[in-house]
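The structure under discussion appears below in the form of structure tokens.
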Amino acid sequence: MSNWYKQETTAVLETLDSNLEQGLTLSEAKQRLAKFGPNELVDKGTKSIFKIMWEQLTNILVVVLIIAAVVSIAIGESTDAIVILAIVILNTLLGVTQEYRAEQAMASLKQMAVPNVRVRRDGEQEEVSARELVPGDIVLLEAGNIVPADGRLVESASLKAEEATLTGESEPVEKFVRVIESEDEIALGDRKNSLFMSTVVVYGRGTMVVTDTGMGTEMGHIADMIQGVEDDDTPLQIRLNALGRTLAIIAFFIIVVIFGMGLWRSDEVAALWAEGASLGAYLQSAEVQELFLTGISMAVAAVPESLPAVVTICLALGSQRLLKRRALIRKLPAVETLGSVTTICSDKTGTLTQNQMTVTYLSVAGEEKTVEALVEEKQTTLAHAERRPEAEPLLQSLSILFKAAVHCNDGVIKKDENGEQAVLGDPTETALIVAADKFGLNKNDLDRTCPRVAEVPFTSERKRMTTLHEVAEESHESPSPWADSPYVAFTKGAVDGLLDIMSSVWMGEEAVKLTPEIRERIEKANADLAERGHRVLGAAFRPMTEIPADDALEGMEQDLIFVGLLGMIDPPREEVKVAVAECRTAGIRPIMITGDHPLTAMAIAEELDITRNGRVYTGVKLAKTSPAELREIVQDVSVYARVSPEHKLNIVQALQDNGQVVAMTGRRGERCAGSAAG
């Protein structure tokens, strides 16, 4: 069943015969484990050494050599037979060794540590191996946990999950418990009441009931689809097979021609013909036997015995060079295939981009600045600029903007195992902390001087968060906007929601009333950044004279002073733009296939020069597109967004049907493969 997201949690628990408070009993868990099997992905592609050896020996060119060796033995040319067999053995050993080592390396990569997970069984919390999870298990999750199986969320406390490995969505997805009502089946990225295997909880906590495990999960479906794709011969294999067939035909033709011409010119054969001799007499004729052996000898000589070994050695050397560049080659012919690629299909998140949200654009007091430009200008005077009357109004506004973003933030700065500073928390919030730190505003310092005394947590309904802080002593002695107040509240959230609770806007040196003209300007700046694929947050503040009562905290979110906008995006990797340019120079066409939003995908694709016509095709359209139509579409469209794994395979197949040699790469566990459409 794949429509768990359409059902109430009570119905899901009833269907799975589970209890939220008690969980499964130990005996029931054991029975289900025996029924459904371990919660792990099954690799159907692993080959035994004997299968690898058989594939090497059944290559057409190698078969021709083996036949040539057998014939050489039959005609007494033992030296030739030994040489040919030695080459066959060498070729087979090289091929088997390379592929077997690659298979073992792949297997080692897959044998990662299986995490333990917290579950409820017999009414008690206990830790079990993720392999032992079964449908109906109640799993408790918190920030930092890898989701061990597919499940329906039954309890959530602001839980967010990073699902880029499955959907390509670059931003964490906020999850909820309520039912999603939809007549049609919705995309995985929109199933916000469900969690999926191998995704990561990055914020909050929650409880889910396991609905699917192992190969029944969405990750399992992807693995099954990929492993179900038939392996096509590479361009090199196609050419070598064609050469093997050609050589076999030529060898047979040589035998026929030599034998026929010899018979035509032989006096002994002519005499036998005149006598009307039997077939046995012909076969016993010394000249006939000599002609046959001569034809076979010349046919064997026409076979290039060393070619397979030379090809294998060259490919082995190439694979070793690639290995030094951290590229693992599973099959030797794939080395040559990489050089024959005409199209590269790539995922976006984590492959073309850094998979790390980064603040790039700032908009305050009607001006827009990029973080990169401010860094290049070495704006070290940005920190606490609102305390200095001589500071430029723009810098004062930017300092307040970053303070609001960092104070109203649950991210933390800690030391990692190497003693280096690391920022932990929701990717959006960590991006704000990192950006502020570039300008001398350290979160730990700000929290120490202006401690948080109250807060209104983020909710999906309000789309904002507010925190209340004591004003630092030095602020009382400076002309900062909150110098005359003991407390200051900071709010950050969606711009459209913030504008409804604003009364004024900070314009660099003072707050001015929010007029329709100013509101329109802010809305336009918000829309412009969103159209460029950015996630946009607004920030505001409000001086406070006292700490509100617990039941009146939300009252802080009114009459706020709007400061500005922060635009963030998962930026491209620095080396990718050069790589795309090199691909284009080499005649290779790059294509982006992602589960992310079309606007975000197009913004990154245009920046990297992956697309030049502005066309993007979505998964919704792909679902309604026939294979024939898709073969036409892939000739012009280079950006595909909001796609599912099935769509990705269909796109690659359409490209191959058009005669392209396609490489597919990404960070979702997909195989890198190159193949040719015969």
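A few points about this structure:
- At an R0 of 56 angstrom, the distance between the Cβ atoms of residue 54 and residue 478 translates into a FRET efficiency of 0.10.
- Convex hull volume of the C-alpha atoms in the chain, normalised per residue: 218 Å³.
- Other residues whose C-beta falls under 14 angstrom from the C-beta of residue 10 contribute a net charge of -2, scoring Lys and Arg +1 and Asp and Glu -1.
- Per-residue HN-Hα couplings for the range 630-647 [Karplus 6.51, -1.76, 1.60; θ = phi - 60°; Hz; x = Gly/Pro]: 5, 4, 6, 5, 5, 6, 10, 8, 10, 10, 10, 10, 6, 9, 9, x, 4, 4
- Length released on extending from residue 287 to residue 182, taking residue separation times 0.36 nm less the Cα-Cα span: 29.2 nm
- Packing order of peptides 387-395, 194-202, highest average first: 194-202, 387-395 (average count of other Cβ atoms within 10 Å over each peptide's residues).
- Exposure of residue 600 as accessible area (Å², to 10), given a probe of 1.4 Å and all protein chains: 20 Å²
- The stretch between residue 63 and residue 665 holds 213.3 nm of extra length on full extension. This uses 0.36 nm per residue minus the Cα-Cα distance.
- Where Rh is the Kirkwood radius over Cα pairs, Rg/Rh for the range 480-637: 1.17
- Point-to-point label distance, residue 453-residue 101, nm (Cα→Cβ direction, 7 Å offset): 6.8 nm
- Exposure of residue 219 as accessible area (Å², to 10), given a probe of 1.4 Å and all protein chains: 20 Å²
- Ordered from longest to shortest, the equivalent ellipsoid semi-axes for the range 341-436 are 30, 20, 12 Å, each the square root of 5 times a Cα gyration tensor eigenvalue.
- Computed accessible area, residue 487, all protein chains, 1.4 angstrom probe, square angstrom: 50 Å²
- FRET efficiency for residue 190 and residue 14, using Cβ-Cβ distance with R0 set to 25 Å, rounded to 0.05: 0.50
- When 609, 17, 657 are compared by accessible area of protein heavy atoms, the largest-first order is 17, 657, 609, using a 1.4 Å probe.
- Distance between modelled label sites at residue 354 and residue 310, nm, 7 Å Cα→Cβ extension: 4.9 nm
- Restriction of the trypsin sites (Lys or Arg not before Pro) in the range 577-645 to DSSP coil positions whose beta-carbon has at most 11 other beta-carbons within 10 angstrom yields 612, 624.
- Length gained when the stretch residue 146-residue 338 is fully extended (0.36 nm per residue, less Cα-Cα span): 65.7 nm
- Around residue 533: net Lys/Arg minus Asp/Glu count, Cβ-Cβ under 10 Å: -3
- A simple spin-label model places pseudo-atoms 7 Å from Cα toward Cβ; at residue 613 and residue 322 they are separated by 3.1 nm.
- Per-selection Rg to Rh, the range 316-369 - Cα, Kirkwood hydrodynamic radius: 1.32
The values are calculated or read from the model by the stated rules, or taken from the named source; none is laboratory data. What you see is a predicted model; the values in this text were computed from it and never measured. Here Cβ is always computed from backbone atoms with ideal geometry, including for glycine, and neighbour counts include all displayed protein chains. The protein model used for the area step is the full one, side chains on, heavy atoms only, and it has no ligands, DNA or RNA in it. Shrake-Rupley method; radii C 1.70, N 1.55, O 1.52, S 1.80 Å.
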